[in-house]
Structure formats: C-alpha cells, structure tokens
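Enquirer: One structure is given below, represented as structure tokens, and several questions about it will come after.
The values are calculated or read from the model by the stated rules, or taken from the named source; none is laboratory data. These numbers were taken from a predicted model, which means no experiment stands behind them. Reconstructed Cβ throughout: ideal geometry from the backbone, glycine too, with neighbour counts over all protein chains shown.
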Amino acid sequence: MKCARNPKIQAFTRMGFVLSLCGSAIGLGNIWKFPTMMASSGGSSFLLVYLVCLCLIGIPVLVFEMILGNTTQMTPRAYFKHTRILKIFRHLPALNNTLILSFYAVISGWILLALLLSVQKALTGQETLNYHLMVNYPWSLGLAGLLFVAITATICQRGIRDGIEKLNVIVLPMLMVIILGLVAYCFGHGFLSLGFDYMFGARNVSLSVGLVSAALGHAFFTLSLGTGVVWTYGHFLAKERHKPVASGIQNGLIIAGADTAFALLIGLIIFSVLLGTHMNAAGGPDLIFRVLPVVFSKIPLGSVIEIVFFVLVFVCALTSSVSMFEVMRHTRTVRETIRLGLLTWALSILTVVSLNTPSTITVFGATPFVHFDTITTRVLMPLFGILVFGTAIIRGVLAIKARRPLKTPHASSSPL
Ligand code: TRP
C-alpha cells in the first residue's frame, strides 16, 4: 500500500529528517539518567559497556527501523496490518508511545513549571526556586502537564515539515550553542576538571547481567528505539532510491554520535557545577528539582544559567515528545489530535495523583509510573525490537535471494 500522503503533511527534507531524529534521541534520558548511571556504575568502564551495546545492538536496530520505514514507505502500523503474521502487533507502536509519553509528559510538565518559576525567580530576585509551589500544589503540575501536551499536539498538527521539522531545525543548533556555552562557563570557573574526573574516572565494575541490561535498555530508550518512532520518521522521508542501506548507516552513525556526545557533555556540566559547589551528586527528579536549584543559587550568574539550563531541558523534552505523539496518530484530524492529547494528559494525571497524594497510591505493589516504565522498557520495546530485527533480516535475505526489490504488501517496490 502506498501511503496516500496528505499534501499538508509533507515529507521531511534530508537534513530535517536527521535533525528530527537527533531531537527525538536527545531527551530527558540524556540529562537525568545517563550521566548518573555512568558515574555510579563505573565511570568510563560503564561507558565502554554502553558503547559496545550501542554499536552491536542499538545502531543496527536504529538503521533497520530507518530503512524499513523508508523502503516500505509505510508506518509500522500500516505494514503490520498488511502482513498476515504481524497483524496482531499493529497497535503495539501506538500503545507503547502512549504509555511512555504519559509519564514523559509528567516530567516535562515539571520542567516547564520549573522554567516558568526560574524566570519568576530572576524577575523577583528570590534566593532559590519556588520549589514548594510544585510540591504543595499538585494542580500546578497538572496544568503545566496540560500545557506541555497542548504544545506537543499543536506542533504535530502543523505537519511534518511545518511542525516537527521546523521545530528541530530551529532548536537543535540552539541546543548546541547552549551546551557549548555551559561547558565554557564551567571551564572558565575552574569546575570542569572536577566533573571530568568524577564522570570519566575508571572504576572497577563486575560485568553483570544487570549492568549490561541497564546499558542496553538505555541504548534503546535514548535512541528512541522499539516504539516505531524511527520507522515512522523514515517513512516520512522521500524514498532513497540510491543506496538506501549506506545512507541508513550514515544517518544512524550521525544520530547515535550526536546523542552520545550530548549525554557526555551534559553530564560533564552537571557534575562540574555540583562538585564545584560541594554538593553531592544525585540523579533523577532530585537532581533537577532539589539539588540544581541550590547549586544555581551559589554560582556566579546563577539565575541566568538556571533559566538557560531549564530552556535546554524543556527543548529536549519537547523534541522527544513530538516524536512519540506523531506515532500515536492514525489520522491527522484536529479531533483526533485533541482526543489523543487529552488521553495522554489523563494518564499523566493518574501518575501525578498517585505520586502526590499523602500516601503514594500503588497498584500491584508499585505506582502507575513504575508500571508504565517497566511494561514499556522491559516488555514492549524489546518485543518491537525483535520484530524489527526479524522483519529486516527476512526482507533483506529474500531481496538478496530474489536479486530484485521486494514487494511491500500492496506496494509497488522496495529494495530491502
Ligand atoms: N530518546 C528520548 C530520551 O532520551 C526519549 C524518547 C523519545 C523515546 N521518543 C522515544 C523513548 C520513543 C522511547 C521510545 O529521553
């Protein structure tokens, strides 16, 4: 089936495609997960394990997903729907992205609120971020989450080239400037070597299954694999007729390289300012909402650096969330966009409420937040990864055997 493209959706330009996938890859995972994971799991020894997982599994799945999307010119849903044995998996991408986005939106809502509060702090000359507003008034988190989902949905509704591509083409160079500026700031204040030693100092680690699966899981999450994002973006790029595999590999290396470089630099910045102000290293929400605001109140030009930092985190969250929202959609009507936006928000409220009521609400021994995270990263993403691997290999082998392009279900041709 050739996807009848709505002319308003348009396709990516080649540069827009690569930048949009970089934007999807560079997200909250790079900021509050990877640096802490690396520093606490063996420094450069962990980095080595991670790079092996990235090269052996992460990048191949990334390239396979990209090529499958581009050569079939179908979304994963359309492809699965028209392939008899894969039919039952057709809702997997949408389900997976809905679950991930529902907890991603919660954190992104916090970030948006923190950004607004950091601006208020700078304007009113407060000492530290008005953190108690976030903790004591959960409704403010709910509203911020709604605003974040609304921004995400609006960008997607504008279409691929006018919405997603434009966002990424504008903000990614901005991200690069911000991050280099922050590195220069740390260097100028003599913090950089502290962060460098802490993050990269090799510590002995015993290579356990847990360590490798953590590294592999993160490689999947950070490259936005296993949910159909890369496949879907690939189908929005005009079909590569000339060497699709080579250009897939080239794009894959650029995306994985940019993502890893970003994670290392942001880790360097965070640990440099933490150690430079004698604070303990932390991770997750604690790092961003409790520790860093205190750090920002101690360093020169702290208020400005704080705003710049939260702009950076917000932008990273947004370029990632638009990729998930895009996969959730079946049609492109305004009504569907609103319906999906409200669904995501409702699920995210469930998470906020369960975390903020006096005693945390748990279902089957854990919060919905933990369940969504576990189901997606442990079950649904690996399952989709296996389907991608299998499909790509089978299509590749059949194409080589037939020595001619393979037929896509109902489609004209496909070289893979
Ligand atoms: N890669 C993003 C991050 O590191 C998150 C993300 C965006 C994602 N799209 C995804 C994760 C799809 C899994 C699947 O934060």
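Enquirer: List pairs: first in the stretch 318-341 and touching a residue at least 40 places away in the same chain (Cβ under 8 Å), second of a type in the set (Lys, Arg) and more than 11 Å from the ligand (Cβ to nearest atom), Cβ under 9 Å, 6+ apart or cross-chain?
Expert: 327/77; 330/77; 332/8; 337/329; 340/329
Enquirer: When residues of the stretch 199-238 are filtered for being part of a loop (DSSP other than H, G, I, E, B), in contact (Cβ under 8 Å) with a residue 40 or more places away in the chain and surrounded by fewer than 16 Cβ atoms within 10 Å (Cβ to Cβ), how many remain?
Expert: Result for the stretch 199-238: 7.
Enquirer: Which of the residues belonging to the stretch 120-154 are at pLDDT below 90, part of a helix (DSSP H, G or I) and more than 26 Å from residue 370 (Cβ to Cβ)?
Expert: 120, 121, 122, 123, 124
Enquirer: Of the residues 187, 221, 200, only one is touching a Gly at 6+ places or on another chain (Cβ under 6 Å) and either hydroxyl-bearing (Ser, Thr, Tyr) or more than 16 Å from the ligand (Cβ to nearest atom) (or both); which?
Expert: The conditions single out 200.
Enquirer: Look at the stretch 74-98 and say how many of its residues are modelled with pLDDT under 90 and within 14 Å of the ligand (Cβ to nearest atom).
Expert: Total satisfying the criteria: 0.
Enquirer: Can I ask one more? Whether any residue in the stretch 350-367 is within 13 Å of the ligand (Cβ to nearest atom) and in a helix (DSSP H, G or I) is what I want to check.
Expert: No, the conditions are met nowhere in the stretch 350-367.
Enquirer: So which residues in the stretch 21-61 are closer than 15 Å to residue 258 by Cβ and within 11 Å of the ligand (Cβ to nearest atom)?
Expert: Across the stretch 21-61, the qualifying residues are 21, 22, 23, 24, 25, 26, 27, 29, 30, 31, 34.
Yes or no, residue by residue, for (1) outside any helix (DSSP H, G or I); (2) surrounded by fewer than 16 Cβ atoms within 10 Å (Cβ to Cβ):
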| site | (1), (2) |
| --- | --- |
| 278 | yes, yes |
| 286 | no, yes |
| 292 | no, no |
| 297 | no, no |
| 300 | yes, yes |
| 316 | no, no |
| 324 | no, no |
| 332 | yes, yes |
| 336 | no, yes |
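Enquirer: Scan the stretch 267-285 residue by residue and report those that are under 22 Å from residue 26 (Cβ atoms) and out of contact with any Cys (no Cβ under 9 Å at 6 or more places or on another chain).
Expert: Scanning the stretch 267-285 gives 267, 270, 271, 274, 281, 282, 283, 284, 285.
Enquirer: Let me ask another. How many residues are touching a helix residue (DSSP H, G or I) at 6+ places or on another chain (Cβ under 9 Å) and either under 18 Å from residue 347 (Cα atoms) or in a loop (DSSP other than H, G, I, E, B) (or both) if we restrict to the stretch 60-94?
Expert: Going through the stretch 60-94 one residue at a time, the tally reaches 9.
Enquirer: Within the stretch 360-388, track down each residue that is hydrophobic (A, V, I, L, M, F, W, C) and farther than 27 Å from residue 69 by Cβ.
Expert: Across the stretch 360-388, the qualifying residues are 361, 363, 364, 366, 369, 370.
Enquirer: Quick one: is residue 66 touching a Gly at 6+ places or on another chain (Cβ under 9 Å), in contact (Cβ under 8 Å) with a residue 12 or more places away in the chain, within 15 Å of the ligand (Cβ to nearest atom) and over 25 Å from residue 164 (Cβ atoms)?
Expert: It is false that residue 66 is touching a Gly at 6+ places or on another chain (Cβ under 9 Å), in contact (Cβ under 8 Å) with a residue 12 or more places away in the chain, within 15 Å of the ligand (Cβ to nearest atom) and over 25 Å from residue 164 (Cβ atoms).
Enquirer: Also, quick follow-up: Which one of these is closer than 25 Å to residue 383 by Cβ, within 15 Å of the ligand (Cβ to nearest atom) and of a type in the set (A, V, I, L, M): 229, 313?
Expert: The conditions single out 229.
Enquirer: Could I ask something else about it? Looking at this structure, is residue 175 closer than 23 Å to residue 270 by Cβ and modelled with pLDDT of 90 or more?
Expert: yes
Enquirer: Report, ordered by the first and then the second residue, all pairs with beta carbons closer than 6 Å, sequence separation of six or more or different chains, a first member in the stretch 18-29 that is within 11 Å of residue 172 (Cβ to Cβ) and assigned to a helix (DSSP H, G or I), and a second member that is more than 10 Å from the ligand (Cβ to nearest atom) and among the acidic types (Asp, Glu).
Expert: From the stretch 18-29, the pairs are 20/165.
Enquirer: Which of the following residues is more than 12 Å from the ligand (Cβ to nearest atom) and within 30 Å of residue 81 (Cα to Cα): 319, 333?
Expert: 333
To keep it simple, each residue is scored yes or no on (1) surrounded by fewer than 21 Cβ atoms within 10 Å (Cβ to Cβ); (2) in a helix (DSSP H, G or I); (3) within 16 Å of the chain's Cα centre (by Cα); (4) of a type in the set (S, T, N, Q).
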site	(1), (2), (3), (4)
16	no, yes, no, no
39	no, yes, no, no
55	yes, yes, no, no
96	no, yes, yes, yes
101	no, yes, yes, no
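Enquirer: Follow-up question, since we're still on this one. Just the residues that are within 16 Å of the chain's Cα centre (by Cα) and closer than 14 Å to residue 107 by Cβ, please, taken from the stretch 365-379.
Expert: Listed by number, the residues that qualify are 372, 373.
Enquirer: Is it true that some residue in the stretch 253-271 is within 16 Å of the ligand (Cβ to nearest atom) and under 24 Å from residue 143 (Cβ atoms)?
Expert: no
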